[in-house]
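Input: a single structure, listed below in structure tokens.
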Amino acid sequence: MHFPEKITELDNRFYTAIRSKPFSSKAEKWLKLYVRLGDGWFWAVVTIWVFATHSQKELFAIVLPVLSSAAVSLLLYFSIKLTVRRARPHVLLGIEAEVPPLDRYSFPSGHVMNNLAVAMALSRFFPVVGAVAIVVPITWGLLRVYYGVHYLSDVIAGIVLALLSVAIGFSLSFSLGWL
């Protein structure tokens with residue numbers, strides 16, 4: 001599938017603009033470590049915390065809606081990614097991918113989409129961490145643009161699709177009596 005040229009042009013302009021002011025080498029090390037948290041293992045720590053601090057009844061009420069949101073997100077993610085098949089920026093622009101991409105295609109950003117879907121679903125149950133939980137996956141996505149493995153439009157699509165995933169996941173959970 002051919003991606004619209006105007007969007008690609010805007011994506012390339014954004015990439016050029018953010019790369020025009022590089023981070024210090026010390027900041028680069030920390031940011032690369034930070035962006036790797038979005039590879040999925042961050043949620044293992046969150047899961048352990050949720051299991052350690054909640055009763056079995058509470059876990060059922062929390063975990064099922066979160067898992068249904070995550071499942072919807074993954075289903076949408078793979079369906080769209082394998083249909084669109086947009087090459088990553090480092091491939092098209094002939095630059096180095098400064099963090100390892102987890103797969104071949106860029107659209108939509110799974111780091112944003114899947115992590116944000118889980119973060120938004122969890123923030124319904126833990127509103128005190130909501131803002132941070134939502135900002136973190138978006139910053140991961142923007143850093144992945146900076147490091148040449150995503151376009152800005154991939155991140156924006158990931159945000160929109162995460163919202164849709166949570167809406168569908170919670171609707172499903174409500175209809176099944178989980179909420």
Just checking, how many residues over the range 16-33 are of a type in the set (F, W, Y) and assigned to a helix (DSSP H, G or I)? 1
Do we have V135 as modelled with pLDDT of 90 or more, open to solvent by less than 30 Å² (accessible area, probe 1.4 Å) and either among the charged types (D, E, K, R) or assigned to a helix (DSSP H, G or I) (or both) here? no
Pick from the range 147-172 the residues that are open to solvent by 10 Å² or more (accessible area, probe 1.4 Å) and modelled with pLDDT under 95: which of them is nearest to the chain's Cα centre (by Cα)? F170
Take P101 and tell me if it is open to solvent by 20 Å² or more (accessible area, probe 1.4 Å), within 18 Å of L37 (Cα to Cα) and of a type outside the set (A, V, I, L, M, F, W, C). yes
Check P89 against each of (1) within 19 Å of the chain's Cα centre (by Cα); (2) without any contact (Cβ under 8 Å) to a residue 60 or more places away in the chain and name the one condition it does not meet. (2)
Are any residues in the range 72-93 open to solvent by 40 Å² or more (accessible area, probe 1.4 Å) and farther than 22 Å from Y147 by Cα, and if so, which ones? L74, L75, L76, F78, S79, I80, L82, T83
List the pairs whose first member sits in the range 155-179 and is in a helix (DSSP H, G or I), whose second member is of a type in the set (D, E, K, R) and open to solvent by less than 50 Å² (accessible area, probe 1.4 Å), and whose Cβ atoms are under 8 Å apart, counting only residues at least 6 apart or on separate chains? V155/R144
Determine whether H111 is under 27 Å from I18 (Cβ atoms), without any contact (Cβ under 8 Å) to a residue 60 or more places away in the chain and part of a helix (DSSP H, G or I). no
Among R13, R36, which is the only one that is part of a helix (DSSP H, G or I), modelled with pLDDT under 90 and of a type in the set (D, E, K, R)? R36
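Here is a yes/no grid of residues against (1) closer than 29 Å to S123 by Cβ; (2) out of contact with any helix residue (DSSP H, G or I) (no Cβ under 8 Å at 6 or more places or on another chain):
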{"position": "H2", "(1), (2)": "no, yes"}
{"position": "E9", "(1), (2)": "no, yes"}
{"position": "Y15", "(1), (2)": "no, no"}
{"position": "Y34", "(1), (2)": "yes, no"}
{"position": "L37", "(1), (2)": "yes, no"}
{"position": "W49", "(1), (2)": "yes, yes"}
Just to verify a result, which residue in the range 23-37, among those that are surrounded by 13 or more Cβ atoms within 10 Å (Cβ to Cβ) and aliphatic (A, V, I, L, M), is nearest to V99 (Cα to Cα)? V35
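Could you check, for the range 64-71, whether at least one of its residues is closer than 26 Å to I168 by Cα and surrounded by fewer than 16 Cβ atoms within 10 Å (Cβ to Cβ)?
yes
The values are calculated or read from the model by the stated rules, or taken from the named source; none is laboratory data. Remember, it's a predicted structure, so these values are computed and weren't measured experimentally. Ideal geometry is used to build each Cβ from the backbone, glycine not excepted, and the neighbour counts take in all protein chains shown. For the accessible areas, the whole protein counts, side chains as well, though only heavy atoms, and no ligand, DNA or RNA atoms are used. Shrake-Rupley method; radii C 1.70, N 1.55, O 1.52, S 1.80 Å.
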